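Everything on this sheet refers to the single structure shown next.
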Amino acid sequence: TLGPGTLRNRSIRAAAFEGMSQGHRISDHLIQYHTALANGGVGMTTVAYASVNKSGLSFPHQLYMHREAVPGLQKLTASVKKHGAAVSIQLGHCGNMANRSVTGLQPIAPTGGINWYGPTFPRSMSAKDIEQVITDFKYATQLADEAGFDAIEIHAGHGYLISQFLSPYTNKRKDDYGGSFENRSRFMREVLNAVKSI
């Protein structure tokens, strides 16, 4: 059992990025890939890295959650379930790893400055930015539910936005979202609470 659901076995395809969402939409290739995993016997397969909004993208072949993506997502979940597997989706935001040439927007991060791994030049998130991204996580969850996903995974690792808040290396904020571990984990808790309120 996984929460309220029951999987047919303990085998779960982890959320490893497929790079099959050209134009930020579900492709037939992605549907075929996850359907093949379901047909092969996994208990659940996970669609990897769907950004909760356009500003969280780092690649042109990355999915982001928006209303127009739902029909393709519904096609994917129906195909997977037809073969007896459950299906989940990983939701996240790249934060300072977002690519301006893909998003058309300056990357956002807990703290602005230069991100040497990009390199990118993110701006510090305002209180309004934080509230908006939390709202976007909630909306992305609603779209995932509408699309027929059995579960969602919140991406809180690998140097992306939530983990950028958690790390004192990338979070130099002086407000309620920085400093102590309790403060640095506040954004993650608020995201999780928003998602669980659906």
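The values are calculated or read from the model by the stated rules, or taken from the named source; none is laboratory data. Remember, predicted model here, so these are calculated numbers, not experimental data. When we count neighbours, we look across all protein chains shown, and the Cβ atoms used for this are built from the backbone with ideal geometry, even at glycine. These accessible areas exclude ligands, DNA and RNA; they are computed on the full protein's heavy atoms, side chains included. Shrake-Rupley method; radii C 1.70, N 1.55, O 1.52, S 1.80 Å.
Leaving out ligands and nucleic acids, note down the accessible area per residue over the chain with a 1.4 angstrom probe, in whole Å².
49 Å²
Angle between the Cα long axis of helix 28-40 and the longest principal axis of the chain, 0 to 90 degrees, nearest 10?
Helix 28-40 sits roughly 60 degrees off the main axis of the chain.
Relative to the longest principal axis of the chain, what angle (0 to 90°, nearest 10) does the C-alpha long axis of helix 127-146 take?
The answer is roughly 0 degrees.
Starting from the Cα of Arg123, step 7 Å toward the Cβ, then list every residue of the range 48-69 with an amide N under 15 Å from that point.
What the label zone holds, given the 15 Å backbone N cut-off, is 55-56.
What are the lysines whose alpha-carbon lies under 29 Å from the alpha-carbon of Lys75, with same-chain residues fewer than 8 places away excluded?
Lys54, Lys138, Lys196
Which aspartates and glutamates have a Cα less than 19 Å from the Cα of Lys174, not counting those fewer than 8 places away in the same chain?
Excluding near neighbours in sequence, the set is Asp129, Glu131, Glu182, Glu190.
At q = 0.13, 0.18, 0.22 Å⁻¹, what log₁₀ I(q)/I(0) does a Debye calculation on the Cα points of the range 27-109 give, no solvent, two decimals?
-0.45, -0.75, -0.95
Taking 0.36 nm per residue of sequence separation and subtracting the Cα-Cα distance, how much length would be gained by fully extending the chain between Ile198 and Leu2, in nm to one decimal?
Full extension from Ile198 to Leu2 adds 68.8 nm.
Given N residues in the range 75-198, what is its alpha carbon radius of gyration divided by 2.2 N^0.38 Å?
1.16
Given only helices, namely DSSP H runs of n ≥ 4 each adding -39500 (n - 2.57), what is the per-residue ellipticity at 222 nm of the chain, to the nearest 500 deg cm²/dmol?
Details: 7 runs with 71 residues, N = 198.
The per-residue figure over the chain is -10500 deg cm²/dmol.
Once R0 is set to 41 Å, what does the formula 1/(1 + (r/R0)^6) return for the Cβ-Cβ distance between Tyr33 and Lys174, expressed as a FRET efficiency to the nearest 0.05?
0.35
Of all beta bridges DSSP finds with both residues in the range 1-141, what is the antiparallel percent, to the nearest 5?
In the range 1-141, approximately 15 percent of DSSP beta bridges are antiparallel ones.
Ignoring any ligand, DNA or RNA, what whole percent of the accessible area of the chain comes from carbon and sulfur when the probe is 1.4 angstrom?
54 percent
Over the range 1-144, what lengths in whole Å, largest first, do the semi-axes of the equivalent ellipsoid take, defined as the square roots of 5 times the eigenvalues of the alpha-carbon gyration tensor?
30, 16, 13
Quote the FRET efficiency, to the nearest 0.05, computed for Ser101 versus Arg10 with a Förster distance R0 of 41 Å and r equal to the Cβ-Cβ distance.
0.50
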